[in-house]
Amino acid sequence: MPAETASAPWMAFGAVEIDTLGHRLFVEGEEVGLERKAFAVLVLLARDAGRVISRDEILDVVWGHRHVTPGSLSRIITLLRHALGESGEEAHYLHTVHGVGFRLDAEVRAAASREELVADGALEETELASVSTLISDVGASPAAKAATPVTALPPAKARRVDRRVAAVVMGLLLVGAVLLGWRQVSRHPADTAAVVDLKSIAVLPFENLSTDKNNAYFASGMQDMILTQLVGIGGLKVISRTSTEKYPSHPEDVKTIARQLGVATLLEGTVQRVDNQVLVNVQLIDASSGDHLWAKAYTRTLDNVFNVEGEVAQNVAEALKVRLTSAETARMDRMPTSNAEAYDLYLQAGAHANRAYDDSSLTSNELPLAISLYQQALAKDPNFALASAAMARAHMQIYFFGPDRTNARLAEAKAAADRSLALQPNLGQGHYALGLYDYWGHRDYAGAMAQLELARQALPNSATVELLLAAIARRQGHWDEAVAQFRAATVLDPHSEFAYNQLGVTYQSLRRYADADQAYTAAMALSENPSGERMAKAFNMLMWKGNPAPLRTLLADLTPGSDAYSANIAAVYFERSLARDYAGAVKVAEADKAQDWSDPDNIVLPRRLFVAWAMQAAGDTTKATDAYAEVAARARTALVERPDDADLHLALGYAYAGLGRKSEAVAEGERAIALMPVAQDDLTGVDMLEHQANLYVRVGQNDQAIALIEQVLSLPAGEVLSSEMLRLDPVWDPLRDDPRFKALLVKYPTNIPAVVRAEPARPQQGQEVVDAVARRRVDPLSR
């Protein structure tokens, strides 16, 4: 390893710049998001450019040679090639030495700073021009040579030129040798898009050819099952369903669609079901030519259709020359069930579940139906591990987004996930469900990441796994990593508004409101139903500019009673409160039927608490007192079962504040903060601090409120509180004349990003994760 690159803060080759200390990658001057493991591999290769580094050496250095599957390293190499604009077949820098390892072929420059790199690059251009002049002089006349001025290089830089002259001369000679061919190519410029990995695929929606249109679930279910098998192939890049579902089953312009999705091949299919007969027709298409690489028709009965997805996946891998591991082959050979009725019920359940996962506002409507169907499937086949894992995920989605924060719901999820893994220990979906249980149920990030790493090994192309890992990084306060990981997730799900929405949430938390606005705009452009993204963008504008007009315009367009209105009912309430129309706010809250409302950081509070606040503000203290008493009684009852539920303690604190029980109110709020501190959850923890400041105002402890507000404003809490929101929200009216409050509005303007605390060293397992739960609907709520 050259001494000058061994520990250099900056390295560069071609148009690529690497900030080794800041964990940043720049290509063509633009920063490119890259997860930490991929960045570490790139630095390792760059520091020893030209040498073949074996897979084992990479695993030793980057992973500590833990039990890492070949698919994990292959996925990292795929991400690196994507970042560098290369593919496995057309690599300029990153080369695979089959059966050995990888090599970076580049002349790597090292420097102490980016400025030094830029200066060094400018010197190279001067040197290149000098050598070009030298070569052109070889064929020039003596008179021309005499007319050409000669510039001597500074002595301090001469030795560096000597090391490069030979390489530059050879390069220029090669350029001259191919000049004629280049001129021919330049007449037909190539597509400027990034080079596509030839071993990449997107599965388009399968067309339902059944005369009974109620069988549409069967066609989409078969597509999902085939996609799930492909996602488990480590040597293949597979695009997520959420990016492909908006495309037609048989598009005419396959080249454009493939370019938009960043793949080389498309899989099309049709499914026809008549009574007990099933015909599945699939074809693999080369997007560049439109030719069929492989096609096959499967005629089966319902009793033996179960292994079609495994056969299709193996045939696709063979057609694309992807070598399957023994574990991958075994997984594809294994039938999920041998019971036709259980399989059919499972596919029906999946249709309901996907609607809820695509739009979390449908959780309460769709997932109970899905769970019932999964239960029926398991009754038909108790050994159906995939159905048990899917049911566990559905229970966790209801727990977090329903929201149904009960011990019974958690227990149902845990039992179903454990059952799936007892039946099939390496089932990726089972480990994913356990990851949700640890993360959403207990904020056990280490446990969740351990389960998600196991899920990733079985499902190396799962954008869902990557997104969840990114969300965990964000809650741990690893903000830069979360940003990079959300960006990286778009490789597997390039048309998903989820990743961009969550990138927006992350930027908003960091008070990078302009970046958040761009991310929400990108999410809107990708969404088929962008109402949630528009709402998120409007709330970002409210926090950033203090402008409620976009929010009011959006809410005015909603039809009361519609799904969109119900999904944004808390936003309607909040807007009426901002307008100080408290009677209107009472009507909005009382008309809703939900028991609880949750805010964007998933703090759950009783709807009746919002009714009480609006009644009190409207001057109806008698009814407000009754509502507060109702909230307090309910919270105390729930705390018997869940004594460590921070949300319940917060609700009880607010109720006590309304009832005039000030010391008890403060104690409950402080208990909520202790149970959900910032150290445990950077996202919800700061939200709890803002709630406590609100509670202090309600009990008249303004000194404590102002001190806590300043703490929140100094943290990455731009989604929760900003100086512009402090100016608007009537909650803070009791503080308006306090000079200290006025000073805070000046001290923390919204155009200054939050200062992120230094990140502690990550455990090895956490450094490679990408994330998260992606909420398609942002359900903003008053603080």
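Take the conditions surrounded by 19 or more Cβ atoms within 10 Å (Cβ to Cβ) and under 32 Å from the mean Cα position of the chain (by Cα) and apply them to VAL278. Does it pass? No.
Looking only at residues in the range 60-76 that are of a type in the set (A, V, I, L, M) and crowded, with 17+ Cβ neighbours inside 10 Å, the one that is modelled with the highest pLDDT is ILE76. Remark: pairs (first residue in the range 710-732, within 18 Å of ALA536 (Cα to Cα); second residue in a helix (DSSP H, G or I) and of a type in the set (Val, Ile, Thr); Cβ separation under 6 Å; 6+ apart in sequence or on different chains) = ALA717/VAL686; VAL720/VAL686; LEU721/VAL712.
For PRO677, the criteria (1) within 29 Å of LEU744 (Cβ to Cβ); (2) without any contact (Cβ under 8 Å) to a residue 24 or more places away in the chain; (3) part of a helix (DSSP H, G or I) hold in every case but one, which is (3).
Return yes or no: is ALA317 under 30 Å from ILE285 (Cβ atoms), touching a Leu at 6+ places or on another chain (Cβ under 7 Å) and of a type outside the set (Val, Ile, Thr)? It is true that ALA317 is under 30 Å from ILE285 (Cβ atoms), touching a Leu at 6+ places or on another chain (Cβ under 7 Å) and of a type outside the set (Val, Ile, Thr). The single condition from (1) part of a helix (DSSP H, G or I); (2) closer than 30 Å to ALA264 by Cα; (3) not basic (Lys, Arg) that ASP344 fails is (2). State all residues of the range 289-316 that are in contact with a strand residue (DSSP E or B) (Cβ under 9 Å, 6 or more places away or on another chain) and more than 25 Å from THR337 (Cα to Cα); if no residue qualifies, say none. Listed by number, the residues that qualify are ASP291, HIS292, LEU293, TRP294, ALA295. Would you mind finding the one in LEU695, LEU675, LEU683, LEU726 that is over 32 Å from the mean Cα position of the chain (by Cα) and of a type in the set (A, V, I, L, M, F, W, C)? Being over 32 Å from the mean Cα position of the chain (by Cα) and of a type in the set (A, V, I, L, M, F, W, C) holds for just one of LEU695, LEU675, LEU683, LEU726, which is LEU695.
Could you figure out which of (1) modelled with pLDDT under 90; (2) in a helix (DSSP H, G or I) isn't true of THR506? Just one mismatch for THR506, condition (1). Looking across the range 556-575, the residues that are in contact with a helix residue (DSSP H, G or I) (Cβ under 7 Å, 6 or more places away or on another chain), of a type in the set (A, V, I, L, M, F, W, C) and farther than 17 Å from VAL586 by Cβ come down to LEU558, ALA564, ALA567.
Is it true that GLU533 is within 30 Å of the chain's Cα centre (by Cα) and either at positive phi or crowded, with 16+ Cβ neighbours inside 10 Å (or both)? Here the answer is yes, as GLU533 does meet what is asked. Checking ALA629 against (1) aliphatic (A, V, I, L, M); (2) closer than 20 Å to VAL586 by Cα; (3) crowded, with 16+ Cβ neighbours inside 10 Å, which test does it fail? So ALA629 meets the others, but not (3). Residues in the range 387-423 that are surrounded by 24 or more Cβ atoms within 10 Å (Cβ to Cβ) and either closer than 13 Å to LEU347 by Cα or among the hydroxyl-bearing types (Ser, Thr, Tyr) (or both): ALA387, SER388, ALA390, MET391, SER420. Scanning the range 614-663 for residues that are acidic (Asp, Glu), in a loop (DSSP other than H, G, I, E, B) and closer than 19 Å to VAL699 by Cα yields a single hit, ASP620. The single condition among (1) more than 25 Å from SER361 (Cα to Cα); (2) assigned to a helix (DSSP H, G or I) that ASP438 does not satisfy is (1). For GLN375, the stated conditions do not hold, so it cannot be described as free of Cβ contacts under 8 Å to residues at least 24 places away in the same chain, assigned by TED's automatic domain parsing to the domain that holds LYS246, surrounded by fewer than 22 Cβ atoms within 10 Å (Cβ to Cβ) and not in a loop (DSSP other than H, G, I, E, B). Sub-6 Å Cβ pairs linking a first residue in the range 247-276 that is free of Cβ contacts under 8 Å to residues at least 60 places away in the same chain to a second residue that is in a loop (DSSP other than H, G, I, E, B), at least 6 apart or interchain, are TYR247/LEU204; SER249/LEU204; SER249/PRO205; VAL254/ALA287; VAL254/GLY290; LYS255/ALA287; ILE257/TYR247; ILE257/PRO251, ordered by first then second residue. Among the residues in the range 303-321, are any touching an Asp or Glu at 6+ places or on another chain (Cβ under 7 Å) and touching a residue at least 12 places away in the same chain (Cβ under 8 Å)? Yes.
Before we move on, is GLN457 touching a residue at least 60 places away in the same chain (Cβ under 8 Å) and closer than 22 Å to SER72 by Cα? Answer is yes for this residue. Within the range 452-475, the residues that satisfy the criterion of being buried (at least 23 other Cβ atoms within 10 Å of the Cβ) and under 25 Å from GLU719 (Cα atoms) are ALA463, THR464, VAL465, GLU466, LEU467, LEU468, LEU469, ALA470, ALA471, ILE472, ALA473, ARG474. Considering the range 590-628, the residues that are of a type in the set (A, V, I, L, M, F, W, C) and at pLDDT below 95 include one that is nearest to the chain's Cα centre (by Cα), namely ILE603. Here LEU492 clears all of (1) in contact with a helix residue (DSSP H, G or I) (Cβ under 7 Å, 6 or more places away or on another chain); (2) in a helix (DSSP H, G or I); (3) buried (at least 24 other Cβ atoms within 10 Å of the Cβ) except the condition numbered (2). Within the range 381-410, the set of residues being in a helix (DSSP H, G or I) and out of contact with any Ser or Thr (no Cβ under 8 Å at 6 or more places or on another chain) comprises ALA390, MET391, ARG393, ALA394, HIS395, MET396, PHE400, ASN407, ALA408, ARG409, LEU410. Looking at the range 512-585, the helices (runs of 4 or more DSSP H) lying wholly inside it that each contain 1 or more residues that are in contact (Cβ under 8 Å) with a residue 12 or more places away in the chain, over 30 Å from MET615 (Cβ atoms) and among the basic types (Lys, Arg) sit at 531-545. Applying the criterion of being of a type outside the set (Gly, Ala, Ser) and crowded, with 23+ Cβ neighbours inside 10 Å to the residues of the range 655-672, the residue that is farthest from the chain's Cα centre (by Cα) is TYR656.
The values are calculated or read from the model by the stated rules, or taken from the named source; none is laboratory data. Predicted, not measured: the structure shown is a model, and the values here were computed from it. Cβ sites come from the backbone with ideal geometry, for glycine too, and all protein chains shown count toward neighbours.
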